[in-house]
Amino acid sequence: MAVSKLWAVTSRLGQVIDYAANPAKTAADNYTEEQYRALRDVLAYAKDEEKTEREFFVEGINCNPLTARDQFVSVKQAYGKEEGIQAYHGYLSFKEQDISPELAQKIGMEFAKEVWGERFQVVVTTHLNTKHLHCHYVINSVSFVDGKRLWGDEKAWFKFRLVADKICEKYGLYYNPNPNRSKQSSYYYKQEQAGMPTRYSMTRQAIDEAIAHSTNLKSLDYALTQMGYEHCLSECRKYWTIVPKGYKKPIRLKNLGEDYTEEAIKRRLIENQGVRLMPFAKQTIIIRQYRLPTRENKIKKVGGLYGLYLHYCYKLGYLPKYKKQNTTRLHYLLKEDLLKLDKITAETRLLGRENISTDEQLFSYKESVLSQIKSLTDDRTHLRKQLRKNLSDDELSKVKEQISTITGKLWTLRKEVGLCDDIAERSKVIEANLETVRVYEEKQERKEQNRNDKRR
């Protein structure tokens, strides 16, 4: 079975082509250093095209891979479409199995011809530097036939999967004839594995709590409704579904796991019939003021941006740490931000670490970080120029180590700049969300008070 992906390239066109045709990745292990050097000479001087394609798994469709960049640019110039997306870079990765580089390249060529071969220029390479053989594609964003850009099915991942499975079946490779495309994506799976809340995990938690207070479908229906979930548990429907408040797309309960199929839910409800359960109680809204102790053991309210983020973390249930997080009855606006909890916590730590309370302090800190980035970038440029000189092995090693250290610092600082930009944008959203939640809680509190008054 093959896995495919495609993304746009807006930077230098030659760079992505050079990456795809990198000799270190496309060359087979059994080739000599002379052959490696020959490929570099071929790519540099556009010689011996036949040998390059045959031995190093670099081929072109509707173009010569050795001069692909110039040919791509010529098509763009002919149709006056030199701006915007320059190309598309994609890959086709195979499962770790007994597949030769020759077969991988052959499948890659067939795949590219079927998907893009009629209208576009494509460079196809097979990389051999990982356990999983994979083909890389560089597709011109503009068609040489009619000058139209890549669009529709030509960039649709679901079509790629169908084409790849068909070709894999043709050559006797493993493929899944009935893939369950309704299962949650790998993104949600990885988030759950890392312990982060997701739309699916929160829904499971809500269903578990509702079932814990129910003995039949009617009581389950009531509990889910009170928790703000739209749902359909009708026997007339093929699939039972649930829609968290604030979302539009329903989730099929069977896709949440074996414990959430129609049969499993009915079984769990029957098991509850022999147990005395507490009736499902509506949420009682308690508005709390969250304060932090200072070093002087005094209670002090934290204000500004840092206080705003801390208060939001309390509302999300992330704070305090000693309290188990319960997301089942959160307002839907807060549930949406639970999926971004890793970023929100990182931004909170930044505000606390740098003592940032105002927008002015935030922008000042950002400017200082940008200044550091500029200084380090200049230092790295200077060191890279040193590499061109005739240095000894020890000197060369030291310079490379210094460059690596600076690159690591730049990565950290650029991440800080991104957090600053996110804070400037997210803080306004947080203020709006908290106001909406406050109004909602006050409304629920009044309803609860009225019900209590009627009971007296």
Task: Computed FRET value (nearest 0.05) for residue 239 with residue 412, which takes r as the C-beta separation and R₀ as 51 Å - done: 0.65
- [ ] Quick one: which residues, 5 or more positions from residue 126 or on another chain, have an amide H under 5 Å from its amide H? H modelled 1.01 Å from N in the peptide plane, none for Pro or chain starts.
- [x] 136
TODO: Could you list, in their original order, any pairs among 159/248; 248/335; 248/343; 374/398; 76/159 whose Cα atoms are separated by more than 18 Å?
DONE: 159/248; 248/343; 374/398; 76/159
Task: Label-to-label distance, nm, for residues given as residue 421 and residue 368 (7 Å Cα→Cβ offset) - done: 2.1
TODO: Compute the FRET efficiency between residue 151 and residue 70 as 1/(1 + (r/R0)^6), taking r as their Cβ-Cβ distance and R0 = 25 Å, and round to the nearest 0.05.
DONE: 0.55
- [ ] Find the relative contact order for segment 292-451 and round it to a whole percent, using C-alpha pairs within less than 8 Å whose residues are 6+ positions apart.
- [x] 27
Open item on the list: Please arrange 342, 393 by how many other C-beta atoms lie within 10 Å of their C-beta, fewest to most.
Closed with: 393, 342
Task: Highest-first arrangement of 419-430, 230-241, where packing means the average Cβ count within 10 Å - done: 419-430, 230-241
Open item on the list: Could you give the length gained by full extension between residue 440 and residue 132, i.e. 0.36 nm per residue of separation minus their alpha carbon distance, to one decimal place?
Closed with: 105.7 nm
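Order the peptides 360-372, 379-391, 302-314 from the highest to the lowest mean number of other Cβ atoms within 10 Å of their residues. Each step should come with its number before you reach the end.
On the way: 360-372: 15.0, 379-391: 12.1, 302-314: 18.8.
The densest-packed peptide leads the list: 302-314, 360-372, 379-391.
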Task: Long-range amide H partners of residue 141 with built H, under 5 Å - done: 87, 88
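We did not get these values from a lab; they are worked out from the coordinates using the rules stated. Everything quoted here is computed from the prediction, not taken from an experiment. Glycine also receives a Cβ, built like all others from the backbone with ideal geometry; neighbour counts cover every protein chain displayed.
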